[in-house]
Amino acid sequence: MTQLALEPVTGAAAGVPFLATPPLGGPRPSAPVVVAWHLLDPPRTETAFASAVPLDGLDAWRIYLGLPLSGSRTPPGGLDELMRLGYEDAVLMLDMPIVYGAAEEFGAALTELRGTLGLDNGPLGVMGGSIGAAVAQLVMAEGDVDVRAAVLISPVVQVRRAVEAMERRFGVTYPWSPESNAVADRLDFVARAGEIAKRGGPALLLVVGEQDDPGFREPAAELAAAMAGSELVTVPGMAHALAEEPGTDPTPQTAHAAAVDRAAVRWFERHLPAPVSISARSVRR
């Protein structure tokens, strides 16, 4: 496809909703690609995440994918139904279908997007927020793509620790089972850091909020320590979310999200092998 403007492209690829923003230097087959997955907290859709963390000034395709059970794929009943599923079994009813499903559908979606956007196999980066970061890490650990750089924001690094955070937040106790323990083992990326490193170990930036729960902050620090060349950035005053409720539609960028955006752009500029154009630098905030 010949792209003449720098306007975002929206649609579905292999059934996955997406919003794709062209590189600041203009669309071209060899351009790097950053694929991003949103949070379940605000911003909780691909369009809202693209508004909160647009990667302003980056000379790469920025492709935001919708998660299963979110956005246009939210089950009947909306957020209330998601809360019901979470109370019923957060790991087996939410974490497993969302993270496993997003990782499984990623390959076909990326292949179709490369054809739609006229891309070859240029350098690939991934970015995720909260549960979307778990998707990014699963792709890094098990996917058949070469991920050069990754940015994980308020990340779920260890599902067990994230569940503990949710227990504190909602005043509940999660009933672990052999099935949910198996999911937590697969989604324990501190324990799997060696596997990721053996696969090439993408340059990894973890961004956490100073006010976020220790169930997110501490595993992120442990993963940064376990992965050579990784960095951990703490945003003062930031909690877990990156936008205001309800978090489904694009909204003005918050100061905390802007800080995350700047850190992510700097990381991808450094680790995805494509220079930022002069015109792109001129619009950097």
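Here are some notes:
- Of everything in region 90-119 that is surrounded by fewer than 19 Cβ atoms within 10 Å (Cβ to Cβ) and touching a helix residue (DSSP H, G or I) at 6+ places or on another chain (Cβ under 7 Å), the residue that is farthest from Leu19 (Cα to Cα) is Leu92.
Conditions tested, residue by residue: (1) closer than 30 Å to Gly200 by Cβ; (2) among the hydroxyl-bearing types (Ser, Thr, Tyr); (3) modelled with pLDDT of 95 or more.
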position	(1), (2), (3)
Gly86	no, no, yes
Tyr100	yes, yes, yes
Phe106	yes, no, yes
Gly115	yes, no, yes
Gly125	yes, no, yes
Gly129	yes, no, yes
Ala162	yes, no, yes
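- Residues located in region 155-191, provided they are assigned to a loop (DSSP other than H, G, I, E, B) and farther than 24 Å from Leu110 by Cα: Gly171, Val172, Thr173, Tyr174, Pro175, Trp176, Ser177, Val190, Ala191
- Set side by side, the residues Gly77, Gly25 differ, and just one is more than 20 Å from Ala241 (Cα to Cα) and either in contact (Cβ under 8 Å) with a residue 12 or more places away in the chain or in contact with a Gly (Cβ under 6 Å, 6 or more places away or on another chain) (or both), which is Gly25.
- For Ala257, the test of being small (Gly, Ala, Ser), in a loop (DSSP other than H, G, I, E, B) and touching a residue at least 60 places away in the same chain (Cβ under 8 Å) is failed.
- Search result, residues across region 21-64 that are of a type in the set (Gly, Ala, Ser), buried (at least 24 other Cβ atoms within 10 Å of the Cβ) and under 15 Å from Leu124 (Cα atoms): Ala36, Ala60
- Residue count, region 29-50 (criterion: outside any helix (DSSP H, G or I) and under 11 Å from Asp249 (Cβ atoms)): 4
- Among (1) of a type in the set (A, V, I, L, M, F, W, C); (2) at pLDDT below 95; (3) within 15 Å of Gly209 (Cβ to Cβ), the one test that Val276 misses: (3)
- Failed condition for Val163, given (1) under 25 Å from Ala264 (Cβ atoms); (2) buried (at least 19 other Cβ atoms within 10 Å of the Cβ); (3) of a type in the set (Val, Ile, Thr): (1)
- Residue tally, condition buried (at least 22 other Cβ atoms within 10 Å of the Cβ) and in a helix (DSSP H, G or I), over region 225-239: 0
- Qualifying residue in region 121-136 (condition: surrounded by fewer than 16 Cβ atoms within 10 Å (Cβ to Cβ) and either β-branched (Val, Ile, Thr) or part of a loop (DSSP other than H, G, I, E, B) (or both)): yes
- Residues of region 42-61 that are acidic (Asp, Glu) and more than 12 Å from the chain's Cα centre (by Cα): Asp56, Asp59.
The values are calculated or read from the model by the stated rules, or taken from the named source; none is laboratory data. Computed from a prediction, not measured in an experiment: that's the story for all the values here. So basically every Cβ, Gly included, is an ideal-geometry build from the backbone, and we count neighbours across all protein chains shown.
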